[in-house]
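Asker: Quick one: the structure is below, and I'll ask about it shortly.
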Amino acid sequence: MAKEKTLEQIAYEKIKDLILSGEYPTGMHLKETALVSDLQMSRTPIRRALGRLVSEDFLSHNNFHGTTVMYTHFTLNEIINMIEIQWCFAVFCVEKSERKHIAFNVKLLREITSSMEKAFNADDAYQYHRSLTEFYKTFLLNSQNNLIVEMLDQLWKRFTEEATSSNVFNVRKNRIPHTIGLYNSIIECVEKSEFDKAKEIFTQLKEEAFIDLMF
């Protein structure tokens, strides 16, 4: 039996949806009195929901300026840049692993692509994109450079929210099984030390992502 949502969770989801949809745009000041009226609920669950959204960087809170929307939507240029950076680091990671004989966590990577497949079959856009970013995060750990992962972490979080709230999942639905297959092929390549082939597949993924953005 599904657990009934608390008022705090309902308030959290509603405010977050309004931010992601752009109805609460970046820079907008959110007042509890207005939210009480908009959401038709008391201050306590709203205040707690706002606290959660502040901790997740959707909102900022200042004692002098109150609560302000921080979340900014990805522009097309930002998405292209993120894909380029992600690709560069993935290729660098493959090259470093080949040079220094660093083994990838193949078992965990396979578990992640399995999660991607399960999320796709369940029509769960959020979990699919979350697993997708988790794949890159796990893969890039082989660079042995935490700064790379930290630098991309906020971009990955924003991308997961953006891709989930938009129609990206539905638009790409027919191609997702093919994409998951490519990630599984990368795992096989690094397991067999076929590093050049792994880099070629990453390049293919990048080019296909660009094609999806254009059409």
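The values are calculated or read from the model by the stated rules, or taken from the named source; none is laboratory data. Only a predicted model underlies this, so the values are computations on that prediction, with no experimental measurement involved. A quick note on method: Cβ atoms are made from the backbone with ideal geometry, for glycine too, and the neighbour counts reach across all protein chains shown. Quick note on the areas: whole protein, heavy atoms, side chains included, nothing else; ligands and nucleic acids left out. Shrake-Rupley method; radii C 1.70, N 1.55, O 1.52, S 1.80 Å.
Asker: Return the residues of region 57-74 that are touching a residue at least 24 places away in the same chain (Cβ under 8 Å), out of contact with any helix residue (DSSP H, G or I) (no Cβ under 7 Å at 6 or more places or on another chain) and assigned to a loop (DSSP other than H, G, I, E, B); say none if nothing qualifies.
Answerer: D57, H65, M70, T72
Asker: Could you say which residue among V54, V36 is within 18 Å of D17 (Cβ to Cβ), β-branched (V, I, T), open to solvent by less than 60 Å² (accessible area, probe 1.4 Å) and within 29 Å of the chain's Cα centre (by Cα)?
Answerer: V54
Asker: Right, something else. Could you tell me whether S143 is over 30 Å from T33 (Cα atoms) and modelled with pLDDT of 95 or more?
Answerer: So S143 does not fit the description; no.
Asker: So which of C93, C88 is touching a Phe, Trp or Tyr at 6+ places or on another chain (Cβ under 8 Å) and either part of a helix (DSSP H, G or I) or within 30 Å of P25 (Cα to Cα) (or both)?
Answerer: Criteria check complete, one pass: C93.
Asker: Please go through region 71-114 and pick out each residue that is under 13 Å from I187 (Cβ atoms) and either surrounded by fewer than 16 Cβ atoms within 10 Å (Cβ to Cβ) or aliphatic (A, V, I, L, M) (or both).
Answerer: If the condition is that a residue be under 13 Å from I187 (Cβ atoms) and either surrounded by fewer than 16 Cβ atoms within 10 Å (Cβ to Cβ) or aliphatic (A, V, I, L, M) (or both), then A90, V94, A103, N105, V106, K107, L108, L109, R110, E111, I112, S114 are the ones that fit.
Asker: Still on this structure, please answer the following. Hey, L53 hits all of (1) under 22 Å from V168 (Cα atoms); (2) part of a helix (DSSP H, G or I) but one; which does it fall short on?
Answerer: (1)
Asker: Also, I was wondering about something else. From (1) open to solvent by less than 60 Å² (accessible area, probe 1.4 Å); (2) farther than 23 Å from T160 by Cα; (3) in contact with a strand residue (DSSP E or B) (Cβ under 8 Å, 6 or more places away or on another chain), pick out the condition that doesn't hold for T68.
Answerer: (2)
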